[in-house]
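Each remark here refers to the structure printed beneath this line.
The values are calculated or read from the model by the stated rules, or taken from the named source; none is laboratory data. Since we're looking at a predicted model, the values are computed, not measured. As a convention, Cβ positions derive from the backbone with ideal geometry for all residues, glycine included, and neighbour counts pool all protein chains shown.
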Amino acid sequence: MPKLTPFYENVRSHYDLSDEFFALFLDPTRTYSCAYFEHDSMTLEQAQLAKVDLSLGKCDLRPGMTLLDIGCGWGSTMLRAIDRFDVDVIGLTLSLNQYEHVSGLISQLPPGGRTAAVRLQGWEDFDEPVDRIVSIGAFEHFRRQRYDTFFERTARLLPDDGRMLLHTIVGHSKALLDAMKVDVTREDALFLRFIMREIFPGGQLPERDQIITGAQRNGFWVQNIESLQPHYARTLDRWARALESHHDDAVRLASEEVYQRYIEYLTGCAENFRRRLIDVQQFTLVKSHTGSHGTHR
């Protein structure tokens, strides 16, 4: 099989825009994925930490384990895992800015505690045993022709009792949207093209069943699937309002064109989640060594 090269350029074209620009609308932990609003009164930062806790809680972490974070972003899940679950962590990112930011955070950790490492590396190049895997908001960049390889490799890295929490936006087939009675317009198609060209080049949304079948074919069973759809609409609303309130700073850091592009992206995606055109789901994948497969919600 030919060696797979991680999609460095596609990822960096988005995430290496400017850390200061992203800080204008993200919460202080710079968690760039769907938050989890357990209570209406939650701040965005509280809801993001609640999402991280929800995700890590599904990993069955125990003190001293090693957790691999595939697509670690600006490091919030890594730091939370050390703090709350007393584990060692390895984070992978393709973004230079994120790598430098997380390296700085790691350098500030107290000596003698759990170890943390961040690598400028894709999962395609990682081949060390770990106890648990978490991947939040990265699967959208992997592309469908690599799903089987991804699941095969992650299953191989894990022990017999291993598990992976996979958090990803999912798209729906035309047949499923019709069955859900969700109308798709020409404007929806144009917005999708805008996202793929202007925001996430090379991105591709998986469908729920592609994840289920890919995981099951390659050594996992799907223990649980949880949708956070309304939470993402709310997260995007918060991001858009925050960016609007920092218009002048955004233009200074990037440009009016980039500001308008991001407002269109954030508000349009929020509307797509509200209309149920897309979903965001957490898949709890448990390594299968009994041969039994199954799913439940």
Within the range 182-205, is even one residue of a type in the set (Ser, Thr, Tyr), under 18 Å from the mean Cα position of the chain (by Cα) and either buried (at least 18 other Cβ atoms within 10 Å of the Cβ) or within 27 Å of GLU264 (Cα to Cα) (or both)? no
Are any residues in the range 267-285 in contact (Cβ under 8 Å) with a residue 60 or more places away in the chain and of a type in the set (Asp, Glu), and if so, which ones? ASP279
Selection count where residues are farther than 23 Å from LEU228 by Cβ and either among the acidic types (Asp, Glu) or surrounded by 18 or more Cβ atoms within 10 Å (Cβ to Cβ) (or both), scope the range 240-263: 8
Evaluation of ARG84 against (1) among the basic types (Lys, Arg); (2) more than 29 Å from GLU152 (Cβ to Cβ); (3) crowded, with 21+ Cβ neighbours inside 10 Å (one fails), failing number: (3)
HIS39 versus (1) touching a helix residue (DSSP H, G or I) at 6+ places or on another chain (Cβ under 6 Å); (2) closer than 21 Å to ALA240 by Cα; (3) modelled with pLDDT under 95; (4) not aromatic (Phe, Trp, Tyr): which is the lone unmet condition? (1)
For the range 137-157, which positions are out of contact with any Leu (no Cβ under 7 Å at 6 or more places or on another chain), crowded, with 19+ Cβ neighbours inside 10 Å and under 18 Å from GLU207 (Cβ atoms)? ALA138, HIS141, PHE142, TYR147, PHE150, PHE151
Return the residue satisfying two criteria in turn: it lies in the range 10-42 and is in contact (Cβ under 8 Å) with a residue 12 or more places away in the chain and acidic (Asp, Glu), and of such residues it is nearest to ARG80 (Cα to Cα). ASP27
Hey, ARG274 under 21 Å from the mean Cα position of the chain (by Cα), buried (at least 18 other Cβ atoms within 10 Å of the Cβ) and basic (Lys, Arg) or not: no
Among the residues in the range 237-256, are any acidic (Asp, Glu) and touching a strand residue (DSSP E or B) at 6+ places or on another chain (Cβ under 6 Å)? no
Which one of the conditions (1) of a type in the set (Phe, Trp, Tyr); (2) under 21 Å from GLU100 (Cβ atoms); (3) part of a loop (DSSP other than H, G, I, E, B) does TYR36 fail to meet, given that it meets all the rest? (2)
